[in-house]
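Written out below as structure tokens is the structure these notes cover.
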Amino acid sequence: MTTPYARTTQRHVEAFTEDPATELSEMATRLARFAELGITMQGQEVLDDIATTMAGQSGFLYAMVNAFSDEQTFLGLHNPPQESGYPLVGRTMSRAHGWCPEVIQRRRGLPLPDVAASPRFQSNQVVDAIGIQSYFGSPIIDEATGLALLTVCIIDPEPRTLRDAAQLQTIVREGSRAAADALKIPTPPPAS
């Protein structure tokens, strides 16, 4: 069963910032860059494998490599086994849902070991639809444009401890490097 939030069919762009003009300009740049790099808004087996690796390393039920266009598209996706009883997510959802829009906007990672502990992030369509309680996300920054082209994330219905946060964020950062390499996205050198 695919959750309703993951089956968004709206083709209009929902703004997720308070500056829609900048957001639309960045989206146009992002879409042009996707075309230059040959990145299509379709699932890719190599990115599914990266998502599965992140889920396995972290013990999380879900992992995604997420591209932003008129909607979020999970180019890489790991779901729990169908027989697990957990909801399965589809390949797309609204641009405004989840925590990856925040990662795109801020252009840096977002560790939320316990989303309920953060008033800003505790209410969210993803929390409501599939009960997610922990999120770790990292952007893939394009060196040519300076924009976050994609995000890589892991999500789970169980909260995690602050003690686990650094290790989980490292898993996501490594996943973002692997996805950037697979998609041949030139990225800035890591900060020292």
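The values are calculated or read from the model by the stated rules, or taken from the named source; none is laboratory data. From a predicted model like this one, the values you see are computed outputs, not experimental measurements. Here the Cβ is made from the backbone with ideal geometry for all residues, glycine too, and neighbour counts use every protein chain on show. Protein only, heavy atoms only, side chains kept; ligands, DNA and RNA dropped before computing areas. Shrake-Rupley method; radii C 1.70, N 1.55, O 1.52, S 1.80 Å.
Residues of region 114-134 that are modelled with pLDDT of 80 or more and assigned to a loop (DSSP other than H, G, I, E, B): ASP114, SER118, PRO119, ARG120, PHE121, GLY131, ILE132, GLN133.
Restricted to region 1-13, and to residues that are surrounded by 15 or more Cβ atoms within 10 Å (Cβ to Cβ) and either not in a helix (DSSP H, G or I) or not aromatic (Phe, Trp, Tyr) (or both), which residue is modelled with the highest pLDDT? Filtering region 1-13 for residues that are surrounded by 15 or more Cβ atoms within 10 Å (Cβ to Cβ) and either not in a helix (DSSP H, G or I) or not aromatic (Phe, Trp, Tyr) (or both), the one modelled with the highest pLDDT comes out as VAL13. Tell me yes or no: at least one residue of region 22-40 is modelled with pLDDT of 95 or more, more than 17 Å from ALA148 (Cα to Cα), of a type outside the set (S, T, N, Q) and open to solvent by less than 70 Å² (accessible area, probe 1.4 Å). No: region 22-40 contains no residue that is modelled with pLDDT of 95 or more, more than 17 Å from ALA148 (Cα to Cα), of a type outside the set (S, T, N, Q) and open to solvent by less than 70 Å² (accessible area, probe 1.4 Å). The set of residues in region 54-102 that are in contact with a Ser or Thr (Cβ under 6 Å, 6 or more places away or on another chain) and of a type in the set (Gly, Ala, Ser) comprises ALA67, GLY90, SER94. Scanning region 97-112 for residues that are open to solvent by 20 Å² or more (accessible area, probe 1.4 Å) and either under 15 Å from ALA67 (Cα atoms) or in contact with a strand residue (DSSP E or B) (Cβ under 7 Å, 6 or more places away or on another chain) (or both) turns up HIS97, GLU102, GLN105, ARG107, ARG108, GLY109, PRO111. Based on what the data block shows, is LEU31 in contact with a Leu (Cβ under 8 Å, 6 or more places away or on another chain) and in a helix (DSSP H, G or I)? For LEU31, the condition - in contact with a Leu (Cβ under 8 Å, 6 or more places away or on another chain) and in a helix (DSSP H, G or I) - is not met. Could you tell me whether THR151 is touching a residue at least 40 places away in the same chain (Cβ under 8 Å), open to solvent by less than 50 Å² (accessible area, probe 1.4 Å) and touching a strand residue (DSSP E or B) at 6+ places or on another chain (Cβ under 6 Å)? Judged against the criteria, THR151 is a match. Taken over region 127-139, the criterion of being buried (at least 23 other Cβ atoms within 10 Å of the Cβ) and under 20 Å from GLN105 (Cβ atoms) is satisfied by ILE132, TYR135, PHE136, GLY137, SER138, PRO139. Pairing each residue of region 33-61 that is touching a residue at least 24 places away in the same chain (Cβ under 8 Å) and under 21 Å from GLN167 (Cβ atoms) with any residue that is open to solvent by 50 Å² or more (accessible area, probe 1.4 Å) and assigned to a loop (DSSP other than H, G, I, E, B), provided the two are 6+ apart or on different chains, yields C-beta distances under 8 Å for LEU61/TYR86.
Among the criteria (1) at negative phi; (2) in a loop (DSSP other than H, G, I, E, B), the one GLU83 does not fulfil is (2).
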